[in-house]
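Worksheet for the structure shown next.
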Amino acid sequence: MEIWKYYIFIYTPPKVGSTTLVSSLRISLGNKCCVIHLHDEIMLNILTGIQNITINDIITHLALNGKTVYVIDVYRSPIE
């Protein structure tokens, strides 16, 4: 398992175009940082099996351990 110094969390509700952003970042940045795309804790649990921990807990843990963490929220107007 590779440990990165930089983490980018794309933390968004579904259907806002975040997958395109994630794909672009992963292509542009390659292995320079870890790009994590999540919608909520339910998705975190399904993908990893992690329970009783929030995405904010993970972000805080990484930041307190010297990692640079960027969080990107993407929202779309409900009238589209």
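Based on DSSP H segments of at least four residues, each scored -39500 (n - 2.57), the chain has a per-residue ellipticity at 222 nm of -11000 deg cm²/dmol. With the cut-off at under 15 Å, measuring from each backbone N in segment 32-62 to a point 7 Å along the Cα-to-Cβ line of V74 picks out 35-40. In this label model, N31 and N45 are separated by 3.5 nm, measuring between points 7 Å along each Cα→Cβ vector. So how far apart, in nm, are the two label points at S23 and A63 if each is 7 Å from Cα heading toward Cβ? In this crude spin-label approximation the distance works out to 3.1 nm. Among 59-68, 8-17, sorting by the average number of other beta carbon atoms lying within 10 angstrom of each residue, highest first, gives 8-17, 59-68.
For the chain, with all protein chains in place and a probe radius of 1.4 Å, 58% of the accessible heavy-atom surface sits on carbon or sulfur.
The values are calculated or read from the model by the stated rules, or taken from the named source; none is laboratory data. Source: prediction; values computed, not measured. Please note: Cβ atoms are built from the backbone with ideal geometry, for glycine as well, and neighbour counts cover all protein chains shown. For accessibility, only protein heavy atoms count, side chains too; no ligands or nucleic acids. Shrake-Rupley method; radii C 1.70, N 1.55, O 1.52, S 1.80 Å.
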